[in-house]
Amino acid sequence: MELTVLGVSFALLLLIGVPVAFAIGLASVLTIVVAGLPVAVVFQKMVGGMQIFSFLAIPFFIFAGELMLHGGVAQRIVRFANSLVGHVRGGLGMSNVVGCTIFGGVAGSPVADVSAMGSVMIPLMKKEGYDTDYAVNVTTHASLVGALMPTSHNLILYTLATAGLASVNVLNMILACIIPAVILTVMNLLAAYGVAIKRGYPTRGAFAGWGEVGSSFIAALPGMLVVVIILVGILSGVFTATESAATAVLWALLVTILVYRSLSWRDFIASCAKACKTTGVVLFLIGISAAFAYFLALYEVPQRTGDLMSSITQNPWLIFLMVNVLLFVLGTFLDMAPTLLICTPIFLPICQKFGMDPSQFGVMILLNCALGLNTPPVGTTQFVGCAIGRISVSEVMRSIWPFYGALLACLMLVTYVPAFSLWLPNMILAK
């Protein structure tokens, strides 16, 4: 009865438009009442869920991304990407993919990525004669690589969601995501180039020369160095993952104020306000999801779900496919953070039972969440891209399939070829 109340009330609250965090909280309270437990349990779990030192990395990474977003880093990255690949057929589309990938590594947020790069690239592509749906699809899909980058706060969230289930540290996940991020970028480039060929988009003149590539790279380098600083710092043991987030903020301030001199006082205040708002939302979700996860464990939801799947098939490939389908469906209704916090305790034990490494599962669920960011009815990055391009979601969805195909191809490779996720951490962290 309690499990039915938990699941049905949560689903109904989502269907009538209640925000996810409040839907989780109200469903937990209703379950407490039906179970006859004290309501204080919900609040105890909420507070306990947020009182973890590692969570300090989340506001720092969010703040660093906001500083980079408002500090003029995107324009320099666009110039570098254009000098590198802007001369090929559909060059602006290719530049968009490269630029979004680089900025995703700096900001660590697909939404920040599409906001910053989209505001520059989508109007430019429309001005150069590219179709709006193409410009939006290229931008929104390329920005999803940000979910796999070292500065991604969602990557931190996954490691925290595995507490008590598996031993997954931040460095392991950072290394596990690097090759899949490269694969997704290559897939996006192929999709953008293929659509450009099919639609007959022109080239944009001759190659600007390696001199322009070098000068634009030097101009963009200070902003891009944040990724190198984080990786080298953690690998060398100079600072922890949490300290690396604080270092990212210091570097972002140094670059945007002293090097680029592009961060005004108004931009700084806007960055602080947006970072505080996002951090508040994320931490509230973490706390309320801790209460929800308590009930999932109490009523053995992971075990029951695993038993149900095992009764259908014992084939690991089919089990992993079913998990991907369920994650995709849930990701269309939930944003990235609640999907990670709710689904990890349910599906990680199932996938572990059938031989999947927790780091590999982490990359898989991050890719599924990224796919959800570009799929209605939630589709945060898609809505932002459509708003910038002034085009309806339905128009964009008609031509989205080559880009969906690129993301799905990367997801299948990560799901069924463990080496793409595990080779790099095993090589670097091997004792």
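The values are calculated or read from the model by the stated rules, or taken from the named source; none is laboratory data. Not measured: the values here are computed from a predicted model. When we count neighbours, we look across all protein chains shown, and the Cβ atoms used for this are built from the backbone with ideal geometry, even at glycine.
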Could you please find all residues in segment 165-208 being part of a loop (DSSP other than H, G, I, E, B) and either free of Cβ contacts under 8 Å to residues at least 60 places away in the same chain or within 17 Å of the chain's Cα centre (by Cα) (or both)? 200
So residue 416, is it surrounded by fewer than 17 Cβ atoms within 10 Å (Cβ to Cβ), over 16 Å from the mean Cα position of the chain (by Cα), under 22 Å from residue 181 (Cα atoms) and of a type in the set (Ser, Thr, Tyr): yes
Mind checking which residues of segment 380-402 are crowded, with 22+ Cβ neighbours inside 10 Å and not β-branched (Val, Ile, Thr)? 382, 385, 386, 389
Restrict the check to segment 379-392 and report whether at least one residue is free of Cβ contacts under 8 Å to residues at least 60 places away in the same chain, among the hydroxyl-bearing types (Ser, Thr, Tyr) and within 15 Å of residue 135 (Cβ to Cβ). yes
For residue 403, state whether it is touching a residue at least 60 places away in the same chain (Cβ under 8 Å), within 23 Å of residue 126 (Cα to Cα) and among the hydrophobic types (A, V, I, L, M, F, W, C). yes
Looking at (1) exposed (fewer than 15 other Cβ atoms within 10 Å of the Cβ); (2) modelled with pLDDT under 80, which one does residue 55 not meet, given that it meets all the others? (1)
Please enumerate the residues belonging to segment 8-42 that are surrounded by fewer than 16 Cβ atoms within 10 Å (Cβ to Cβ) and of a type outside the set (A, V, I, L, M, F, W, C). 17, 19, 36, 38
Only residues in segment 1-22 that are within 20 Å of residue 43 (Cα to Cα) count as the first member; pair them with residues that are of a type in the set (Ser, Thr, Tyr) and at pLDDT 80 or above, Cβ under 7 angstrom, at least 6 apart or cross-chain, and list the lot. 2/31; 5/31; 6/31
Can you find a residue that is over 30 Å from residue 3 (Cα atoms), touching a His at 6+ places or on another chain (Cβ under 9 Å) and of a type outside the set (A, V, I, L, M, F, W, C) anywhere in segment 249-259? yes
Small (Gly, Ala, Ser) and either in a helix (DSSP H, G or I) or closer than 13 Å to residue 144 by Cα (or both) - does that describe any residue in segment 369-376? yes
Just checking, does segment 254-267 include any residue being on the phi < 0 side of the Ramachandran plot, at pLDDT below 85, surrounded by 13 or more Cβ atoms within 10 Å (Cβ to Cβ) and of a type outside the set (Gly, Ala, Ser)? no
Only one of these conditions is not met by residue 200: (1) surrounded by fewer than 18 Cβ atoms within 10 Å (Cβ to Cβ); (2) within 26 Å of residue 73 (Cα to Cα). Which number is it? (2)
Would you check if there is a residue in segment 172-187 being surrounded by 17 or more Cβ atoms within 10 Å (Cβ to Cβ), in contact with a His (Cβ under 6 Å, 6 or more places away or on another chain) and not aromatic (Phe, Trp, Tyr)? no
